[in-house]
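S.K.: Let me give you the structure first, and then I'll get to my questions.
The values are calculated or read from the model by the stated rules, or taken from the named source; none is laboratory data. These figures come from a predicted structure and were not determined experimentally. All Cβ positions, even for glycine, are placed from backbone atoms using ideal geometry, and neighbour counts span all protein chains on display.
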Amino acid sequence: MQGPRLLLGSARRWILGSTEAALWGLQSMKGNCNKFCTTVFKGVTYKELKNLLKSKKVMLIDVREPWEILEYGKIPGSVNIPLDEVGEALQMNSKDFREKYNEVKPAKFDSLVFSCLAGVRSKKAVDTAISLGFNSVQHYAGGWKEWATYEYSEKKKEN
């Protein structure tokens, strides 16, 4: 039997199959979930991410491919680790991580936010990080598309 899965971040809930739920005396949520419940899992909003980045209390990992960042741009302060490298990167030793990504490797208790173009790949990265024991992980569902839209409208207001 597979044990219950804990979602971390601001929405801490157990996601159980019907058998596991019965053993814990809880109602099953399995029918409403696809690995993680999107209704339970809370992503980071544009304003929350902007504040987190200002506070420097988070590592923002952009999981898009390098060519996407070169072509479209990136959120200032983000580190590019393509989705297919996330699992390996989070398991690297600190020296190798710094050499490859030019950043300090996050510890399992550090706050991580994953982003991509529009929130699909960042959810997969969250799954990977949680499976590796990282316990303060979220994603920016709006991704680069939303960020660029907000930033453009803010700059337009300033002019």
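S.K.: Applying the selection to the stretch 54-74, what residues are more than 14 Å from the chain's Cα centre (by Cα) and at negative phi?
M.R.: Of everything in the stretch 54-74, those that are more than 14 Å from the chain's Cα centre (by Cα) and at negative phi turn out to be Lys54, Ser55, Lys57, Glu65, Pro66, Trp67, Glu68, Ile69, Leu70, Glu71, Tyr72, Lys74.
S.K.: Could I ask something else about it? Name the residue, out of Ser111, Ser115, Ser136, Ser122, that is touching a residue at least 40 places away in the same chain (Cβ under 8 Å) and touching a Cys at 6+ places or on another chain (Cβ under 9 Å).
M.R.: Unique residue meeting the criteria: Ser122.
S.K.: Hey, another quick one. Being under 19 Å from Val58 (Cα atoms), in a helix (DSSP H, G or I) and either outside the structural domain of Met59 (by TED's automatic domain parsing) or in contact with a Phe, Trp or Tyr (Cβ under 7 Å, 6 or more places away or on another chain) (or both) is the requirement here; does Val126 meet it?
M.R.: Taking the combined requirement at face value, the residue satisfies it.
S.K.: Out of all the residues in the stretch 107-123, which are part of a helix (DSSP H, G or I) and charged (D, E, K, R)?
M.R.: Listed by number, the residues that qualify are Arg121, Lys123.
S.K.: Can you go through Val120, Val126, Val113 and tell me which one is over 18 Å from Gly77 (Cα atoms) and either buried (at least 24 other Cβ atoms within 10 Å of the Cβ) or of a type in the set (S, T, N, Q) (or both)?
M.R.: Val126
S.K.: Kindly list the number of the only condition in (1) within 15 Å of Ile61 (Cα to Cα); (2) surrounded by 13 or more Cβ atoms within 10 Å (Cβ to Cβ) that fails for Leu132.
M.R.: Every condition holds for Leu132 apart from (1).
S.K.: Answer with yes or no whether Ile61 is farther than 19 Å from Asn135 by Cβ, of a type outside the set (Asp, Glu) and modelled with pLDDT of 95 or more.
M.R.: no
S.K.: Only residues that are in contact (Cβ under 8 Å) with a residue 12 or more places away in the chain and under 17 Å from the mean Cα position of the chain (by Cα): list them for the stretch 86-100, please.
M.R.: Val86, Gly87, Ala89, Leu90, Gln91
S.K.: Here's a follow-up. What helices (runs of 4 or more DSSP H), lying completely within the stretch 62-103, carry at least 1 residues that are surrounded by fewer than 16 Cβ atoms within 10 Å (Cβ to Cβ) and among the basic types (Lys, Arg)?
M.R.: Ranges flagged: 94-101.
Residues are listed down the side, and each one gets a yes or a no for (1) at pLDDT below 95; (2) out of contact with any Ser or Thr (no Cβ under 8 Å at 6 or more places or on another chain); (3) farther than 16 Å from Val44 by Cβ; (4) of a type in the set (D, E, K, R):
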site	(1), (2), (3), (4)
Asn80	no, yes, yes, no
Gly87	no, no, yes, no
Ser94	no, yes, yes, no
Glu99	no, yes, yes, yes
Glu103	no, yes, yes, yes
Ala125	no, yes, no, no
Leu132	no, yes, yes, no
Trp147	no, no, no, no
Glu151	yes, yes, no, yes
